[in-house]
Amino acid sequence: MGLVSAKEMLEKAREGKYAVGQFNINNLEWTKSILQTTEELKAPVILGVSEGAGKYMTGFKTVADMVKAMIEELHITVPVALHLDHGTYDGCYKCIEAGFSSIMFDGSHFPIEENVAKTKELVKVCAQKGMSLEAEVGSIGGEEDGVVGLGECADPDEFKKIADLGGTILAAGIGNIHGKYPANWPGLRFDVLEKIKAKTGDMPLVLHGGTGIPTDMIKKAISLGVAKINVNTECQLAFQAATRKYVEEGKDLVGKGFDPRKLLAPGVEAIKATVKEKMEIFGSIGKA
Ligand code: 13P
């Protein structure tokens, strides 16, 4: 069916009280394993691409063309959105041009008026193109691909200013962090999420930093309106552990074990298992 906007799948998720997973991609292996898993599980999916990952894959056009071709050649029938993760203003326009179906404009580091103004402009552009737009208020702690956040919680009034523009899905800083959570992490700020929900009603919300959030907190977040959960680090850690095991067991030294298709295969299987595990928790299996 080609790429779709994330809007419809997220509205369905919010109504059905489950969340669609956004899994970030880095290369062909990542993309293929996520697409194959999502098709097997009949789950909708969002492929996230950070600006760093886009550059690594030689540019957003390469990414968009690869994903579109893979959807066709793997006979993927479930809804797939290709989404820019934590985009800059310029990055958003590059992805619109390259053929993405969804973008995130991360204006969270701008003063709220500037965040609102730029988001408003992009709402218009995305509406014309039939694309979904994610905006952010407050920041996600930690670092992802050079995007560093202090982890300030979203101010519900500022949040409402962007929500009132219409046409967006919204990510809120609610104590979530990119990467691994420290042992002394106090957990998600459900009090902030509840205030946001009270101000914004039923719009689909986005939870970043999906790696390592305990299942009960994920379920509670979904019950409070979260309809999209981003996962990146967890697939990287699974890939790393499986690849390390293969090499440490000396399997790369036996026969043609050095062949990249063999060397990367355990990592690919590990990504598939992680995606499946997350989709089970998010409740998105069979919802395509
Ligand atoms: P993690 O790397 O913590 O899973 O976060 C992913 C994310 O939020 C992408 O925007």
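The values are calculated or read from the model by the stated rules, or taken from the named source; none is laboratory data. Everything quoted here is computed from the prediction, not taken from an experiment. Cβ sites come from the backbone with ideal geometry, for glycine too, and all protein chains shown count toward neighbours.
Taking first residues from the range 46-73 that are farther than 20 Å from LEU133 by Cα and partners that are among the hydroxyl-bearing types (Ser, Thr, Tyr), the Cβ contacts under 8 Å between residues at least 6 apart in sequence or on separate chains come to MET66/THR31; MET70/THR31. Listed conditions (1) outside any loop (DSSP other than H, G, I, E, B); (2) surrounded by 23 or more Cβ atoms within 10 Å (Cβ to Cβ) are all met by ALA43, apart from (1). Is it fair to say GLY167 is within 25 Å of GLU97 (Cα to Cα) and modelled with pLDDT under 90? So GLY167 passes the test. Of all positions in the range 126-138, at least one carries a residue that is touching a Leu at 6+ places or on another chain (Cβ under 8 Å) and away from the ligand (no atom under 16 Å from the Cβ). Listed by position, the strands (runs of 3 or more DSSP E) contained in the range 136-203 that have at least 1 residues being within 20 Å of ASP85 (Cβ to Cβ) and β-branched (Val, Ile, Thr) are 147-149, 169-172. What about LEU84, is it free of Cβ contacts under 8 Å to residues at least 60 places away in the same chain, under 24 Å from PHE23 (Cβ atoms) and not in a helix (DSSP H, G or I)? Here the answer is yes, as LEU84 does meet what is asked.
Would you mention how many residues in the range 1-30 are away from the ligand (no atom under 14 Å from the Cβ) and among the hydrophobic types (A, V, I, L, M, F, W, C)?
Within the range 1-30, the first condition is being away from the ligand (no atom under 14 Å from the Cβ), and the residues that meet it are 1-5, 7-18, 27-29.
The next check asks that each one be among the hydrophobic types (A, V, I, L, M, F, W, C); those that pass are 1, 3-4, 9-10, 13, 28.
Qualifying residue count, the range 1-30: 7.
Is it true that some residue in the range 253-263 is part of a helix (DSSP H, G or I) and within 16 Å of the ligand (Cβ to nearest atom)? No, every residue in the range 253-263 fails to be part of a helix (DSSP H, G or I) and within 16 Å of the ligand (Cβ to nearest atom). Considering the range 198-238, and only residues there that are under 16 Å from VAL275 (Cβ atoms), small (Gly, Ala, Ser) and near the ligand (Cβ under 8 Å from one of its atoms), the residue that is surrounded by the fewest Cβ atoms within 10 Å (Cβ to Cβ) turns out to be GLY212. For the range 239-249, state whether one or more residues are over 15 Å from TRP185 (Cβ atoms), crowded, with 18+ Cβ neighbours inside 10 Å and within 16 Å of the ligand (Cβ to nearest atom). Scanning the range 239-249 turns up at least one residue that is over 15 Å from TRP185 (Cβ atoms), crowded, with 18+ Cβ neighbours inside 10 Å and within 16 Å of the ligand (Cβ to nearest atom). Taking the criterion of being β-branched (Val, Ile, Thr) and within 16 Å of the ligand (Cβ to nearest atom), the residues of the range 34-59 that qualify are ILE34, VAL45, ILE46, VAL49.
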